[in-house]
Amino acid sequence: MKLSARPYPPITMMEVGGKPFEPAPDVAAWVEATFLDDASPVANPDHAHLANAHIGFLWTAIENNSKGRRVIGQCETGSPQGAMGKWSRARAVQQIEEWFGSVPDFIITLDAAYCAQCGDAEFMALVEHELYHAAQDVDAFGAPKFSKSTGEPVFVIRGHDVEQFVGVVRRYGADASGVREMVDAANRPPEIARARIEHACGTCQLRVA
Ligand SMILES: [Zn+2]
């Protein structure tokens, strides 16, 4: 089975007067078909809890640098976080609803300029890196948490942990993770491609993938 073609950001974003953010429903569809659909050759069961999750993807034309590194991706919960007044929060929620129809479980923002020119493996490693942040909460015993009212998974943002590194390294190679010495999975050839990513993720402030 062939992988579905990778989505690209709209060229107009990179032009003068282009919008700083554009919703990317085609990325959501591509993620579903590429990583979540069991029939995909690169489906990743590590993301199984996201099967019914609403993930809003955004391209951004805003260059973001942090601690000397360029931030190329970020994963956040869908509802606006942080200290905000009532009107600021309501305004932010309205914007999010206009982009995604409703407030999603997660919002993943991708640097449009980077994604327009990076290789397929780098793009996949970046998107999967952000997906690994989109986790299901666990209870005190480590069992996956489900909402008592809806029965749906309870979602949280997860930081990097060894398990996550193993998953990305297994699939994209140790160079993409920057943690070659950490994991045995690196001893096996990567399942998808070798990806070398030198940029940063805004969520973890660590090297992407
Ligand atoms: Zn990250």
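Filter region 57-78 down to the residues that are closer than 19 Å to A113 by Cα and surrounded by 18 or more Cβ atoms within 10 Å (Cβ to Cβ) and list them by number. Give the derivation first.
Pass one, region 57-78, residues closer than 19 Å to A113 by Cα: 57-66, 68-75.
The answer is F57, L58, W59, T60, A61, V71, I72, G73, Q74, C75.
Mind checking which residues of region 107-122 are surrounded by fewer than 23 Cβ atoms within 10 Å (Cβ to Cβ), within 16 Å of the ligand (Cβ to nearest atom) and closer than 14 Å to F35 by Cβ?
none
Out of region 79-97, which residues are small (G, A, S) and surrounded by 13 or more Cβ atoms within 10 Å (Cβ to Cβ)?
Scanning region 79-97 gives S79, A92.
Taking G178 as the residue in question, decide whether it is at pLDDT below 75 and crowded, with 22+ Cβ neighbours inside 10 Å.
On the way: at pLDDT below 75: yes; crowded, with 22+ Cβ neighbours inside 10 Å: no.
Here the answer is no, as G178 does not meet what is asked.
Residue-wise test of (1) closer than 21 Å to A134 by Cα; (2) touching a residue at least 24 places away in the same chain (Cβ under 8 Å); (3) among the acidic types (D, E).
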residue	(1), (2), (3)
L3	no, yes, no
A33	yes, yes, no
A39	no, yes, no
W87	no, no, no
P104	yes, yes, no
I107	yes, yes, no
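Within region 6-102, which strands (runs of 3 or more DSSP E) (wholly inside it) include 1 or more residues that are at pLDDT below 95?
Details: elements: 21-23, 55-60, 64-66, 69-77.
Filter on region 6-102 gives 64-66, 69-77.
For every residue, the table says whether it meets (1) touching a Leu at 6+ places or on another chain (Cβ under 7 Å); (2) within 21 Å of I55 (Cα to Cα).
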| residue | (1), (2) |
| --- | --- |
| E76 | no, yes |
| P80 | no, yes |
| M84 | no, no |
| Q94 | no, yes |
| E98 | no, yes |
| P104 | no, yes |
| I107 | yes, yes |
| G119 | no, no |
| E122 | no, yes |
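Scan region 83-101 and give yes if some residue there is within 16 Å of the ligand (Cβ to nearest atom) and out of contact with any helix residue (DSSP H, G or I) (no Cβ under 7 Å at 6 or more places or on another chain), otherwise no. Write out each step before concluding.
Within region 83-101, the subset within 16 Å of the ligand (Cβ to nearest atom) is none.
Scanning region 83-101, I find no residue that is within 16 Å of the ligand (Cβ to nearest atom) and out of contact with any helix residue (DSSP H, G or I) (no Cβ under 7 Å at 6 or more places or on another chain), so the answer is no.
Just name the residue that is surrounded by the fewest Cβ atoms within 10 Å (Cβ to Cβ) out of those in region 10-36 that are of a type in the set (D, E, K, R) and in contact with a helix residue (DSSP H, G or I) (Cβ under 7 Å, 6 or more places away or on another chain).
Going through the qualifying residues, I end up with K19.
Only one of (1) over 29 Å from G18 (Cα atoms); (2) in contact (Cβ under 8 Å) with a residue 24 or more places away in the chain; (3) touching a helix residue (DSSP H, G or I) at 6+ places or on another chain (Cβ under 7 Å) fails for V169. Which number is that?
Just one mismatch for V169, condition (2).
Select, from T150, T203, the only residue that is modelled with pLDDT of 70 or more, of a type in the set (S, T, N, Q) and in contact with a Cys (Cβ under 9 Å, 6 or more places away or on another chain).
Numbers: T150 fails: in contact with a Cys (Cβ under 9 Å, 6 or more places away or on another chain).
Just a single option satisfies the conditions, and that option is T203.
The values are calculated or read from the model by the stated rules, or taken from the named source; none is laboratory data. Computed from a predicted model, the values in this text were never measured in an experiment. Reconstructed Cβ throughout: ideal geometry from the backbone, glycine too, with neighbour counts over all protein chains shown.
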